[in-house]
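Novice: This structure is in structure tokens; I'll ask about it shortly.
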Amino acid sequence: MNTIGALAAQISEGRRGILWFLFAILVFSTMDVVAKHLTAHYPIPQIVWARHTLPLLVLAVVLNRRLPGFLASQRVGLQLARSCLLLGASVCFYFALRVLTLADATAVTFVGPLLAVAMSVPLLGERVGPRRWTGVLIGFVGALIIIRPGTGVMEFAAFLPLGAAFCFALYQIATRRLRGIDGPVTTLTYTAVTGTVITSVIVPFFWILPDPTGWLLMGSLGILGTAGHFALIKAFESAPVSVIAPFDYTALIWAALFGLFIFNETLDTFTIVGALVITGSGLYILRRESVQSVAAPDVPDATGTGPGASR
């Protein structure tokens, strides 16, 4: 009975991590829509400043005098590095949103899940089997169908979302490394404080006084960012990077839909086919996660380092 209970807990943790991650992707996709609108009216440093400073204000109100206590971390260096990686990803991606369509900018970032899975092996010691690699690669092929290298998307501007993808992949690895070391609120606090300090030094040189709509959008950017990263932290607490990272691809579906209905960006046949391929790869990985968890009773936990972690 104990073995059955442990297996049920494993399956539940894996699925819970995937659900948290899917929710985070939806929130981040909504945030990208707000950010793309803001890039047409305000400088990128100001948007990034709002993205980090307003969540800090939310945390300050919620935590009040307890806020300084959450800066006590057992891995200060890793927390600072993780926060800087997120800042770098934000800067690269927001510049990309200014020059590329929402779907194109998002599509190019989908080397990120492949990088995260690859780096989870040497940096986290996770075991990634051929079937999970196959699922990731199929999802990447779906992204390439949409990008269509050589047709105009893969120009110099594509290096911006590529930089964002690399930073975010390392950010995911760092988030997983913090699992069980610092709580989610501590990690959120470091993210907000680090981003606020760095961008506050830069933003005075670019500041444009926002109108009421601008303040509202910047405020929503901060709230969405806080909610999304809290969900992301909860996801990585429940499942290995190599399990949930491939579900990054679902953001491409949201980007295509938001681009079509909000920015009137064309959704062509290649985008539809690529999105279907991406969805299929994600569902395949989800099925493998459930089947392998049941078939591997010797897995001691759901950290991705046990014998059953190979998919």
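The values are calculated or read from the model by the stated rules, or taken from the named source; none is laboratory data. Not measured: the values here are computed from a predicted model. Every residue, glycine as well, gets a Cβ built from its backbone with ideal geometry; the counts of neighbours run over all protein chains shown.
Novice: Which condition from (1) farther than 14 Å from Y171 by Cα; (2) assigned to a helix (DSSP H, G or I) is the one that Q74 breaks?
Specialist: Of everything listed in (1) farther than 14 Å from Y171 by Cα; (2) assigned to a helix (DSSP H, G or I), Q74 misses just condition (2).
Novice: In region 201-224, how many are surrounded by 13 or more Cβ atoms within 10 Å (Cβ to Cβ) and within 24 Å of the chain's Cα centre (by Cα)?
Specialist: Total satisfying the criteria: 8.
Novice: So, one more: Could you tell me whether any residue of region 43-66 is surrounded by fewer than 18 Cβ atoms within 10 Å (Cβ to Cβ), at pLDDT 90 or above and β-branched (V, I, T)?
Specialist: Looking through region 43-66, none of the residues is surrounded by fewer than 18 Cβ atoms within 10 Å (Cβ to Cβ), at pLDDT 90 or above and β-branched (V, I, T).
Novice: If we keep just the residues of region 248-259 that are out of contact with any Phe, Trp or Tyr (no Cβ under 8 Å at 6 or more places or on another chain) and in contact (Cβ under 8 Å) with a residue 40 or more places away in the chain, which is farthest from K36 (Cα to Cα)?
Specialist: Residues of region 248-259 out of contact with any Phe, Trp or Tyr (no Cβ under 8 Å at 6 or more places or on another chain): 250, 253-259.
Filter once more, keeping what is in contact (Cβ under 8 Å) with a residue 40 or more places away in the chain: 250, 254-256, 258-259.
Details: T250: 19, W254: 14, A255: 11, A256: 13, F258: 11, G259: 10 Å.
Per the stated criteria, the residue is T250.
Novice: How many of the residues making up region 95-153 are of a type in the set (S, T, Y), more than 20 Å from F247 (Cα to Cα) and in a helix (DSSP H, G or I)?
Specialist: Start the filter on region 95-153 by keeping residues that are of a type in the set (S, T, Y), which leaves 101, 106, 109, 120, 134, 151.
If we keep only those that are more than 20 Å from F247 (Cα to Cα) too, we end up with 101, 151.
Imposing the further condition that a residue be in a helix (DSSP H, G or I) reduces the set to none.
Result for region 95-153: 0.
Novice: Here's another thing I want to ask about it. Give me a count of the residues in region 101-119 that are surrounded by fewer than 24 Cβ atoms within 10 Å (Cβ to Cβ) and at pLDDT below 80.
Specialist: Step one: of region 101-119, the residues surrounded by fewer than 24 Cβ atoms within 10 Å (Cβ to Cβ) are 101, 111, 114-115, 118-119.
Checking which are at pLDDT below 80 leaves us with 111, 114-115, 118.
Adding up the residues that qualify gives 4.
Novice: Determine whether A174 is hydrophobic (A, V, I, L, M, F, W, C), touching a Lys or Arg at 6+ places or on another chain (Cβ under 8 Å) and in contact (Cβ under 8 Å) with a residue 40 or more places away in the chain. Walk me through how you get there before you give the answer.
Specialist: Numbers: hydrophobic (A, V, I, L, M, F, W, C): yes; touching a Lys or Arg at 6+ places or on another chain (Cβ under 8 Å): yes; in contact (Cβ under 8 Å) with a residue 40 or more places away in the chain: yes.
Yes.
Novice: For residues that are of a type in the set (A, V, I, L, M, F, W, C) and touching a Pro at 6+ places or on another chain (Cβ under 9 Å), scanning just region 228-240, find the one that is nearest to M119 (Cα to Cα). Full working, then the answer.
Specialist: Taking region 228-240 first, the residues of a type in the set (A, V, I, L, M, F, W, C) are 230-233, 235-236, 239.
Subsequent filtering for residues that are touching a Pro at 6+ places or on another chain (Cβ under 9 Å) retains 230, 233.
Working: F230: 23, I233: 18 Å.
For region 228-240, the residue satisfying everything is I233.
Novice: Additional query: Tell me which residues, restricted to region 173-212, are within 12 Å of Q79 (Cα to Cα) and among the polar types (S, T, N, Q).
Specialist: T175, T186, T187, T189, T191, T194
Novice: Going residue by residue through region 137-153, is there one that turns out to be hydrophobic (A, V, I, L, M, F, W, C) and closer than 24 Å to I198 by Cβ? Working first, answer last.
Specialist: Filtering region 137-153 down to residues hydrophobic (A, V, I, L, M, F, W, C) leaves 137-138, 140-141, 143-147, 153.
Remaining after also requiring closer than 24 Å to I198 by Cβ: none.
So far as region 137-153 goes, no, none of its residues is hydrophobic (A, V, I, L, M, F, W, C) and closer than 24 Å to I198 by Cβ.
Table: residues versus (1) surrounded by 21 or more Cβ atoms within 10 Å (Cβ to Cβ); (2) among the charged types (D, E, K, R); (3) within 21 Å of S83 (Cβ to Cβ); (4) modelled with pLDDT under 85.
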| position | (1), (2), (3), (4) |
| --- | --- |
| G150 | no, no, no, yes |
| A157 | no, no, no, yes |
| P161 | yes, no, yes, no |
| F166 | no, no, yes, no |
| Y171 | yes, no, yes, no |
| T186 | no, no, yes, no |
| T191 | yes, no, yes, no |
| G195 | yes, no, yes, no |
| T199 | yes, no, yes, no |
